[in-house]
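Novice: After the structure tokens below, expect a handful of questions from me.
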Amino acid sequence: MKNVMVLACALLVLPGALSAQDASKESTEAKREDRLKTLEEQVRALAAEVEGLSGELKTARESAANAPGARPKLVLASAPYTRESAAAAATPEPPQGSGTAQTQVFGGATSNAKLLNPDISVIGDFLGTAGNNSIRPVRSLELHESEVGLQAIIDPYARGDFFLSFGEQGVNVEEGYITFTSLPGGFVAKVGKMRAAFGKVNTIHNHALEWTDRPLVTDNLLGGEDGIEDAGLSVTRILPAPKWIFLEATGQAFRGDSSTIFQSVTHKDVSYVGHIRAYKDLSESTNVDIGASYSRGHSAPGTDLITLPSNFHTELYGVDTTFRWKPLRRAIYHSFLARSELVWSQRDQLSPLSLFQTQRAFGFFTSGEYRLTRRWTVGGRFDRTGRAQQANLTDTGFSALLTYWPSEFSQIRGQYRFARYAEGRDANELRFQFVFVLGAHGAHPF
């Protein structure tokens with residue numbers, strides 16, 4: 001009897017539950033339909049708005065094309081690559097809807113012109129000196145050099161570098177050359193005026209040196225601050241070498257006029273420079289760079305005989321070594337750089353009795369620089385050298401340096417320099433230097 005009553009109750013409740021479930025489903029479907037209708041209405045509204053904007057844009061283009069003074073659009077097929085075509089391709093479309101085409105202007109220069117501008121930099125080198133030096137005196141205060149650099153990629157096969165030096169005595173092209181980077185056989189060539197690849201210091205610009213001056217051996221045997229620099233051409237190639245050794249050879253030919261070292265009398269009196277360089281990583285933090293150099297050119301015996309054919313020559317031999325310690329994780333806080341160069345000079349000239357003679361001189365320097373902190377660096381240098389035209393005279397010097405780096409774009413350096421010249425006179429000088437960089441200046445050779 002009890003089972004019969006349970007079954008009867010279930011039959012009575014079941015229709016109500018089914019009807020409630022059906023009502024819930026109908027309500028959910030109704031909500032979904034409402035949402036779909038709302039979305040359809042929004043899509044129709046957006047489509048109508050887009051259609052209206054398209055019509056307005058079409059009308060604006062037609063009116064701009066028919067406006068007086070409007071420039072027709074040209075389409076060039078298979079046009080050759082030129083600097084003008086590159087600028088035109090990179091120029092954005094002018095805004096439509098006005099009678100004249102507009103070009104964006106930033107800081108008074110058009111964006112089109114900036115596309116073809118080279119990287120421009122200005123480096124100032126200010127020097128001051130206190131003390132006495134009766135043999136080689138320098139000014140107490142001077143803007144020693146202002147270097148303007150212009151560097152750019154010319155095309156996929158070449159790049160150009162020009163460095164103009166502005167001093168108190170005038171303007172000079174310190175270097176200006178084009179580098180061909182994609183020659184067959186792995187060769188790299190330079191053509192123009194450049195510093196010769198004789199040793200390391202001769203290739204470095206003044207502002208990139210570790211000192212306020214150049215070593216005595218550079219002054220006595222390599223032509224001083226100007227060094228071996230001339231108009232000519234240079235060819236470089238990486239040579240096959242044992243594993244983990246970088247070997248590079250450079251050959252250069254110059255016009256034959258370099259400071260007091262080489263003097264050209266005729267067109268055939270060119271000078272030559274050869275340099276071979278070997279580089280090796282000793283560890284992830286240390287490396288050594290060793291080079292050997294040779295140079296030969298014409299040296300005139302004197303102004304009275306300069307117009308006559310001459311067999312007077314100057315030959316230079318050099319060995320350079322650079323040792324670096326720069327830990328990868330702490331290089332901006334601690335590092336060490338050591339340099340040393342040895343130079344032999346063999347110069348033909350006339351003796352006081354107008355007799356042919358060959359003067360042989362030897363000189364060297366060695367230096368070290370240690371970075372104490374991120375902004376402070378200390379260093380020292382020792383010099384000893386003979387003189388190219390008076391080999392029996394020897395000069396000796398010592399320098400101590402302290403450099404402060406406010407940032408990567410400026411530096412303040414102090415240097416105490418002592419020199420004992422062959423004349424028996426001593427020089428004691430305290431030199432200070434301010435170097436500052438404006439603009440984008442390319443990295444110097446490593």
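The numbers here are math on the coordinates, done by the rules we state, and not lab data. What you see is a predicted model, and the numbers here were worked out from it, not measured in a lab. Note that each Cβ is placed from the backbone with ideal geometry, even for glycine, and that neighbours are counted across all protein chains shown.
Novice: Quick one: Karplus J couplings for segment 393-409, per residue in order, coefficients 6.51, -1.76, 1.60, θ = phi - 60°, nearest Hz, x for Gly and Pro?
Specialist: Calculated HN-Hα couplings, in order: 9, 10, 10, 10, x, 9, 9, 10, 10, 9, 10, 10, 10, x, 7, 6, 10 Hz.
Novice: To continue, here is another question. Give me the net charge of Leu143's neighbourhood, meaning all other residues with Cβ under 9 Å from the Cβ of Leu143; Lys, Arg count +1, Asp, Glu -1.
Specialist: Result for the neighbourhood of Leu143: -4.
Novice: Separate question: Using the Cβ atoms and a cut-off under 11 Å, what net charge is assigned to the surroundings of Glu175, where Lys and Arg are +1 and Asp and Glu are -1?
Specialist: -2
Novice: Around Gly368, with a cut-off of 12 angstrom between Cβ atoms, what is the net charge of the other residues, counting Lys and Arg +1 and Asp and Glu -1?
Specialist: Net charge in that neighbourhood comes out at +2.
Novice: Also, quick follow-up: With θ set to phi - 60°, apply the Karplus curve 6.51 cos²θ - 1.76 cosθ + 1.60 along segment 213-226 and write out the HN-Hα couplings as whole Hz, x wherever there is a Gly or Pro.
Specialist: 9, 9, x, 4, 5, 5, 5, 7, 10, 10, x, x, 5, 6
Novice: Obtain the nm distance between the two label points defined at Leu430 and Leu209 by a simple spin-label model: each point lies 7 Å from its Cα along the Cα-to-C-beta direction.
Specialist: Result for the modelled spin labels: 2.1 nm.
Novice: In segment 189-296, what is the count of Lys pairs whose alpha carbons are under 24 Å apart, counting only pairs at least 8 residues apart or on separate chains?
Specialist: The number of close lysine pairs in segment 189-296 is 5.
Novice: Write out the GluC sites (Glu not before Pro) in segment 123-208 meeting two conditions: DSSP loop, and at most 16 other Cβ atoms within 10 Å of their Cβ.
Specialist: Glu168
Novice: Could you tell me the relative contact order of segment 182-439? Use alpha-carbon pairs under 8 Å, at least six residues apart, and round to a whole percent.
Specialist: Over segment 182-439, the number comes to 13 percent.
Novice: Tell me which residues come under 5 Å, amide H to amide H, from Ala158 once H is placed; ignore anything under 5 positions away on its chain.
Specialist: Amide H neighbours of Ala158, under 5 Å, 5+ apart: Thr181.
Novice: Direction-averaged shadow area of the convex hull around the Cα atoms of segment 200-305, nm²?
Specialist: 8.7
Novice: Further question on the same structure: What FRET efficiency do you get for Asn133 and Asp281 if R0 is 45 Å and r is their Cβ-Cβ distance, rounded to the nearest 0.05?
Specialist: 0.60
Novice: Could you state the principal axis extents of the C-alpha atoms in segment 182-439, from the largest down, to the nearest angstrom?
Specialist: Computed over the Cα atoms, the extents are 61, 55, 36 Å.
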